[in-house]
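Have a look at the structure below, then the notes.
The values are calculated or read from the model by the stated rules, or taken from the named source; none is laboratory data. Because the structure is predicted, anything quoted here is derived from the model rather than measured. Every residue, glycine among them, receives a Cβ derived from its backbone with ideal geometry; neighbour counts consider all protein chains shown. Remember, those area values only see protein heavy atoms, side chains included, never the ligands or the DNA or RNA. Shrake-Rupley method; radii C 1.70, N 1.55, O 1.52, S 1.80 Å.
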Amino acid sequence: MKGIIFYYSNSGNTKLACQYIIKNIKSVEIGLFDIVKNGIPNLNDYNIVGFAAFTDFLGPSKLVQTFIEKLPRQNNKPAFVFNTYGFISGKTLKILDKWVTAKGFKVITGRSLHTPESYPPMIAKGKGYEQSPSEKEMANFNSFISELDRLLYLLKEGKQITIKKISIGLLNCLLPMFSRIKARRDMGKKYVDESLCTECGICEKLCPYGAIKLSPNPVFNMNKCYGCWACYNHCPNKAIYTKKYRGIGHYPKPDSQLKEKLKV
């Protein structure tokens, strides 16, 4: 029995959490699949499919939705959903469940994990949640992994399993998912400090929406941009900035305490 986790990770927090899940699953061999880089795989090769994303304006990113929509329809193939979040999880887990179920997957479980914030405006306001996840949150995460492992073992043995409905807290239920157009507007126009830019091309390479071209400095296509802040976060010289934020709030990779908690 084989499994795969489709993931989208901007800062690396979600990827790290997925690697931690895989490390602690004993009953099934599970691989990782970056939906930004790798196209569409053959789902017939896998018995269980995971879908992992980070909360992006209180829901999954548009890129995740587009990927799921491109997948072939399934006939109750077992799946699980997972998300990381900084400030608040919103409806991310429920929306993932909805999108995946609409494609014919049978979602058997799901979980959210509180991690450090990767959204620069929140970090700049002092809401970076640098010590997340807490001891209790890690204990709940480990319990989720143990339960997932148990369910996968039962599936491998051909036994019946009891599926729990995906649930989220009342506050998350009440919060709306914002559109990516709003995210783009909130980020606003992007600029480049040419005295800092080395024309390295990292922003162009890492933009998941193909909205950046070098000429020779970065040129931003606002019609393609969805305000994900990847270019801002990953610029090694902090040459990219907006009207409101410059040289502050960057989160290019998982911080050291998160790496220690999710050691793989």
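I'd like the full set of residues that are more than 23 Å from the chain's Cα centre (by Cα) and basic (Lys, Arg), limited to the stretch 123-164.
Arg150, Lys156, Lys159
Give me the residue from the stretch 211-246 that is within 18 Å of the chain's Cα centre (by Cα) and part of a loop (DSSP other than H, G, I, E, B) and, out of that set, surrounded by the fewest Cβ atoms within 10 Å (Cβ to Cβ).
Selected residue: Cys225.
In the stretch 90-124, which residue that is open to solvent by 10 Å² or more (accessible area, probe 1.4 Å) and assigned to a strand (DSSP E or B) is nearest to Ser61 (Cα to Cα)?
Ranking the qualifying residues of the stretch 90-124, first place goes to Ser112.
Please work out if Tyr251 is buried (at least 18 other Cβ atoms within 10 Å of the Cβ) and modelled with pLDDT under 95.
So Tyr251 fails the test.
Does the stretch 168-210 hold any residues that are part of a helix (DSSP H, G or I), more than 18 Å from the chain's Cα centre (by Cα) and not basic (Lys, Arg), and which are they?
Residues satisfying the conditions are Leu170, Leu171, Cys173, Leu174, Ile181, Asp186, Met187, Ile202, Cys203, Glu204.
Using beta carbons and a limit of 9 Å, which pairs, at least six apart or on different chains, have the first residue in the stretch 196-212 and touching a residue at least 60 places away in the same chain (Cβ under 8 Å) and the second one among the charged types (D, E, K, R)?
Tyr209/Lys62; Tyr209/Lys224
Assigned to a helix (DSSP H, G or I) and surrounded by fewer than 22 Cβ atoms within 10 Å (Cβ to Cβ): does that describe Asn140?
Answer is yes for this residue.
Counting only residues that are more than 30 Å from Gln131 (Cβ to Cβ) and either open to solvent by 10 Å² or more (accessible area, probe 1.4 Å) or in a strand (DSSP E or B) (or both), how many does the stretch 63-89 have?
Residues in the stretch 63-89 being more than 30 Å from Gln131 (Cβ to Cβ) and either open to solvent by 10 Å² or more (accessible area, probe 1.4 Å) or in a strand (DSSP E or B) (or both): 13 in total.
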